[in-house]
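Working notes, structure below.
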Amino acid sequence: MAIIYEDALKAQLKLKNTLPVYVIAGDDGYLKQLYVDKIISLSADKDDVFNFQRFNAGCDLQEVYDSLSQLPVMADKKCAVLCDYDFEHCSKSELEKLYLLASDTADTAVLIIWFDSLEFDVKKSAKFKKLVSSAEKGGGAAVLLNHRKTPELVKMLETGAAKRECRFGTGTARYLVEAAGDDIAILKNELEKLCAYKQGGIIEKDDVDKVCIKTPEASVYNLSKWILARDAGQALSVLDELFFMRLEPMMILYTVSSVYVDMYRLYVTGKKGMKISETAALFGYNGREFVLERAVQNLKKMDFKRLSLSFNALILADKGLKTAGADPRTVLEQLTVRLIYIIAKGETVDQA
């Protein structure tokens, strides 16, 4: 099963040649919409009712087949978009029709099978793999459009800021990605807000904090940041804000725990002489290497004993949150104090 990615698709579309069939999947909704629109524009006019049709999940696949089988009207090609067809749960006969559609598209037509919001496991789904093979058999391609990696997003933001007569201060574009996440649509919106706020000039991290939204993960990371800085007042203040935001206690615990997992992975691989890039590849941090870069700094405050005691505290909090009748706020406040004490003293509160 061969799958291509954004660079290959972009290069292919630059030639202004379209393939008979495209299977568009991945976790970046903005990129999927962007490239579906590009393929459509090269194939047919969206307003041309004779040569362009869109079919949704509940359609009859026979109608899609009939549409593509007809010759285009006063045009070179027809185009049909099949969006979010639930191939995982359709009948066997309908699934076979879908495979046939992908493998036997007419020379005068372009079929786009677009998974916009339908979720499935690209790596594990045997049905998806067969759909990809069918598309290849029909001379088409399956395209996986996942979120861009951090360096690419930083470059996009810096270029976008320059076009708006602004520029990012050192490390600020990366800081925005860390705070707002890797969704391109959100990042573009935050960039517009920042440039409108600055009215030209340099965008600094303080501007991001004042103007931009933050993902729940970024908000929870602030809790971890103050814990590692041994600032109980700031840490408990952030925790209070997280409860005000109605974030799930388990989500807060999971994100704090992930910071310690990052440090432990670096600690173990460092003992084996592995580089950060090798650790990133081993544990799937590709595109998120900045997480490990932060972990390097955090690990300077820790040793194996502190890591071990911290994990014990995290496990205790996990059990506490799963105990009937327990107060989640109290459990997480106690965890916050325990983790700070472990960093400061190298022992648990109970042993003090």
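The values are calculated or read from the model by the stated rules, or taken from the named source; none is laboratory data. This one's a predicted model, so the numbers in the text were calculated from it and none came from an experiment. Don't worry about glycine lacking a Cβ; one is built from the backbone with ideal geometry, like all the others, and counts go over all protein chains shown.
A few points about this structure:
- Within the range 117-171, the set of residues being touching a Cys at 6+ places or on another chain (Cβ under 7 Å) and either more than 30 Å from ASP207 (Cα to Cα) or crowded, with 18+ Cβ neighbours inside 10 Å (or both) comprises ALA161, CYS166.
- For ARG265: the one exception among (1) of a type outside the set (Gly, Ala, Ser); (2) in a helix (DSSP H, G or I); (3) loosely packed, with under 14 Cβ neighbours inside 10 Å: (3)
- Look at the range 299-314: where a residue is on the phi < 0 side of the Ramachandran plot and among the basic types (Lys, Arg) and a partner is surrounded by 13 or more Cβ atoms within 10 Å (Cβ to Cβ) and part of a helix (DSSP H, G or I), sitting 6+ places away or on another chain with Cβ atoms under 8 Å, you get LYS301/LEU228; LYS301/ILE343; ARG306/ILE342; ARG306/ILE343.
- All told, ALA313 falls short of being out of contact with any helix residue (DSSP H, G or I) (no Cβ under 9 Å at 6 or more places or on another chain) and either among the hydroxyl-bearing types (Ser, Thr, Tyr) or assigned to a helix (DSSP H, G or I) (or both).
- Hey, ALA126 outside the structural domain of ARG294 (by TED's automatic domain parsing), closer than 30 Å to PHE55 by Cα, without any contact (Cβ under 8 Å) to a residue 12 or more places away in the chain and of a type in the set (A, V, I, L, M, F, W, C) or not: yes
- Look at (1) in the same structural domain as TYR260 (by TED's automatic domain parsing); (2) part of a helix (DSSP H, G or I) and you find that TYR197 fails only one, number (1).
- Among the residues of the range 1-45, the ones that are in contact with a Lys or Arg (Cβ under 9 Å, 6 or more places away or on another chain) and over 28 Å from SER125 (Cα atoms) come to 3 in all.
- Restricting the range 36-61 to residues that are more than 26 Å from GLU119 (Cβ to Cβ) and not charged (D, E, K, R), the residue that is surrounded by the fewest Cβ atoms within 10 Å (Cβ to Cβ): VAL49
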